[in-house]
Amino acid sequence: MSSTATDLSPADEAARIAAVRRYDILDTPPDGAFDRVTALAARICKAPISTITIVDEDRIWFKSAVGLDGVDQIDREPGLCSSAIVHPVPYVVTDASIDPRTLSNSLVCGDLGLRFYVAIPLTTSDGYSLGTLNVIDREPREVSDDELDSLRDLAAIVVDELQLRLAARHTVEYEALQAATEFRDTIVAGLSHELRTPVAVLQGLADLGIGGRGPAEQAERIDDTFRRQVRHLGRLVEQFLDHAALEHGRVPAVRLVPTDLSELLAEVVDLHADRGAVTLELADALPLAAVDPERTHQIVSELIVNARRFGPPDGRIVVRAEPRGDAVAISVTDEGPGISAAAQAHIFEKYHSAPTSTGSGLGLHVARALAEAQGATIELERSDASGSRFTLTVDVADGQS
């Protein structure tokens with residue numbers, strides 16, 4: 001009886017192929033663990049050829065092969081492994097030249113001249129045959145019960161190995177998901193903390209009528225505070241959106257234009273004026289810089305927030321801009337306790353924050369991405385017991401050097 005198309009396609013073929021995909025074994029590199037199994041199978045049966053095959057939709061792929069140099073796959077249609085996977089017991093051919101199941105098979109009639117063939121299905125715990133462990137010879141021969149028992153054990157070892165690797169991959173994926181969830185929770189907690197202050201201030205201003213009542217000086221002061229807090233909220237939202245873009249592999253959009261840094265930095269300092277002493281120092285004859293004004297505003301604002309977060313309550317923060325060759329250096333210096341050498345190596349990494357920080361751990365990571373998108377650089381230039389200085393270095397505009 002010759003093999004038919006039905007013989008070569010198990011009734012649950014779609015589910016079987018899904019199981020093959022689940023184990024993610026196809027087209028993987030050579031592996032010593034599987035090579036030792038085929039070598040041992042050939043030695044046990046005193047046969048010249050042994051293989052571990054995975055039966056795909058239209059091919060038979062060799063995960064390991066002893067005695068078949070240069071062969072990594074064959075078409076599925078003539079493959080004996082396709083027949084073997086539909087049998088729950090070992091598929092044994094002692095003389096293929098006279099066995100009706102194999103007379104027309106190209107492996108028997110062709111150059112290989114296969115005569116002896118034993119295949120043990122690689123059956124998963126849920127009943128799907130992924131492929132076979134095979135022993136092959138070019139001479140007719142018998143196989144003993146002890147040899148079959150040994151081959152069954154080896155096939156079980158192959159399946160156990162695949163199962164262990166699948167479990168390990170699932171563990172890694174689960175841990176990655178858990179880590180992502182923890183990171184998300186950290187972000188939400190940090191942003192929630194940061195959002196509470198401006199929201200509370202805005203609510204208080206709303207209760208006062210946002211400058212609509214009281215003396216003109218008081219109304220103007222309330223309006224100024226309102227504008228600052230709205231800008232602060234905008235900065236937090238922009239930071240979160242930029243981080244989301246970075247997580248999806250998108251580079252932040254920038255538009256470089258000649259920019260007066262004196263005006264831009266004065267606006268940033270004014271934004272933070274009601275929350276502590278921030279001093280602006282500008283070098284004489286400061287050239288126009290080629291920057292994205294909004295993004296640069298966002299970066300410097302983050303550096304000020306960072307300086308305030310880690311500096312003493314009454315500490316002084318200095319924002320300074322000065323030419324450095326064909327560039328302009330914008331530095332933010334605080335009077336905090338400094339950053340440890342160990343922490344300095346990770347200061348710009350996402351989610352990195354000091355143990356005492358209430359921030360989201362996104363600020364400096366996003367700031368660096370925004371700087372690099374403009375062709376600028378940002379670095380921790382100095383940090384010791386007297387404080388830290390972060391420096392953003394941007395290019396001058398064309399014709400300004």
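The values are calculated or read from the model by the stated rules, or taken from the named source; none is laboratory data. What you see is a predicted model, and the numbers here were worked out from it, not measured in a lab. When we count neighbours, we look across all protein chains shown, and the Cβ atoms used for this are built from the backbone with ideal geometry, even at glycine. Protein only, heavy atoms only, side chains kept; ligands, DNA and RNA dropped before computing areas. Shrake-Rupley method; radii C 1.70, N 1.55, O 1.52, S 1.80 Å.
Residue under question is Leu103, and the condition is that it be open to solvent by 20 Å² or more (accessible area, probe 1.4 Å), in a helix (DSSP H, G or I), over 22 Å from Ala156 (Cβ atoms) and at pLDDT below 80; does it hold?
It is false that Leu103 is open to solvent by 20 Å² or more (accessible area, probe 1.4 Å), in a helix (DSSP H, G or I), over 22 Å from Ala156 (Cβ atoms) and at pLDDT below 80.
Among residues of segment 119-139 being open to solvent by 20 Å² or more (accessible area, probe 1.4 Å) and not in a strand (DSSP E or B), the one that is farthest from Val20 (Cα to Cα) is Glu139. Give the residue that is surrounded by the fewest Cβ atoms within 10 Å (Cβ to Cβ), with candidates limited to residues of segment 366-391 that are modelled with pLDDT of 85 or more and assigned to a helix (DSSP H, G or I). Looking at residues that are modelled with pLDDT of 85 or more and assigned to a helix (DSSP H, G or I), I get Glu372. Inspection of segment 286-309 finds a residue satisfying the criterion of being charged (D, E, K, R), surrounded by fewer than 17 Cβ atoms within 10 Å (Cβ to Cβ) and assigned to a helix (DSSP H, G or I).
Select from segment 346-364 the residues that are modelled with pLDDT of 85 or more and farther than 18 Å from Arg308 by Cβ and list them in ascending order. The one that is modelled with pLDDT of 85 or more and farther than 18 Å from Arg308 by Cβ: Phe348.
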